[in-house]
1. Amide H neighbours of L104 under 5 Å, counting only residues 5+ apart in sequence or on other chains, H built in-plane at 1.01 Å?
2. When the chain is fully extended, how far beyond the present Cα-Cα distance does E75 get from D170, taking 0.36 nm per residue of separation?
3. In whole Hz, with x marking every Gly and Pro, tabulate ³J(HN,Hα) for the stretch 65-79 from phi via Karplus 6.51 cos²θ - 1.76 cosθ + 1.60, θ = phi - 60°.
4. Which Cα, out of Q129, A166, L142, lies furthest along the positive dipole direction of the stretch 113-177 (beta carbon charges, K/R +1, D/E -1)?
5. Pop out the carbon and sulfur fraction of the accessible area of the stretch 95-200 as a percent, whole number, probe 1.4 Å.
6. Under a 5 Å amide H to amide H cut-off, with H placed in plane at 1.01 Å, what residues pair with A50 once short-range neighbours are removed?
7. Need the full-extension length gain, Q109 to R35, defined as separation in residues times 0.36 nm minus the C-alpha distance. One decimal, nm.
8. Cβ neighbours within 10 Å, averaged per peptide: list 142-151, 69-78 in order, most packed at the top.
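The values are calculated or read from the model by the stated rules, or taken from the named source; none is laboratory data. Just so it is clear, the structure is predicted and the values come from calculations on it, not from any experiment. All Cβ positions, even for glycine, are placed from backbone atoms using ideal geometry, and neighbour counts span all protein chains on display. Accessible surface areas use protein heavy atoms only, side chains included; no ligands, DNA or RNA. Shrake-Rupley method; radii C 1.70, N 1.55, O 1.52, S 1.80 Å.
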Amino acid sequence: MKPVLVPLAAAALLSACAALQPPPEMPSTYVLEARRATTAQQPKRDLVLAVSMPRARPGFDSAQMAYERRSHELEYFTKNRWADTPPRMLAPLLAEALDQSGGLRAGVQAPGAASADLRLDVEIVRLLQDFSTRPSRVRFTLRVQLVDVGTRRVLATREFDETENAPSDDAYGGVIAANRALERLLGQVVDFCLGQPVSR
């Protein structure tokens with residue numbers, strides 16, 4: 001009987017040790033969000049602007065949070081991630097900012113039921129936290145293109161770039177900085193769209 005009791009005791013001891021260990025650490029999940037963009041007053045035009053699903057350049061098209069410690073080398077946080085891909089989080093924020101601007105009949109996401117006069121195509125060129133400086137900083141760059149849906153003519157194209165120092169040199173500090181930069185970017189994109197001459 002004794003040889004049987006030893007393995008049983010060892011198994012019980014291992015089970016007890018496993019029960020005492022803390023649960024595996026879950027990754028922290030963050031969102032892109034911004035307060036209502038502050039924009040210059042524009043006369044209201046009877047136009048519907050549709051925001052197409054944004055794209056992202058390679059390296060920035062997943063829920064992984066990117067950072068760099070030296071130029072041209074992307075790394076990703078292992079215990080921190082976005083709640084969704086940046087393009088999917090950005091689309092409703094752009095549509096909402098345009099809709100709340102007061103300069104359009106409506107700002108909507110495409111595809112949608114509304115028939116749009118204009119379309120905004122957006123590409124995330126860069127969204128990363130740069131640790132090569134102290135404090136670290138976030139670079140957030142968007143390339144946008146406004147298209148006349150009826151004629152398929154490109155009305156204007158522009159790149160917007162914002163840099164924001166992180167309040168702390170960690171992923172959460174980067175999230176705060178990214179959302180502060182995003183707030184300014186939304187205002188700039190709205191002003192860009194409303195400032196283009198469109199004959200209707």
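1. Amide H to amide H, under 5 Å and 5 or more residues apart or across chains, L104 pairs with R45.
2. 32.9 nm
3. Going residue by residue, I get 8, 8, 8, 9, 10, 8, 4, 6, 10, 8, 10, 9, 5, 8, 10 Hz, with x marking Gly and Pro.
4. L142
5. On the way: 2040 of 4750 Å².
Taking all protein chains in place, the stretch 95-200 shows 43 percent carbon and sulfur surface.
6. Here the answer is V108, D117, L118, R119, L120, since their amide H atoms fall under 5 Å of that of A50.
7. 24.8 nm
8. 142-151, 69-78
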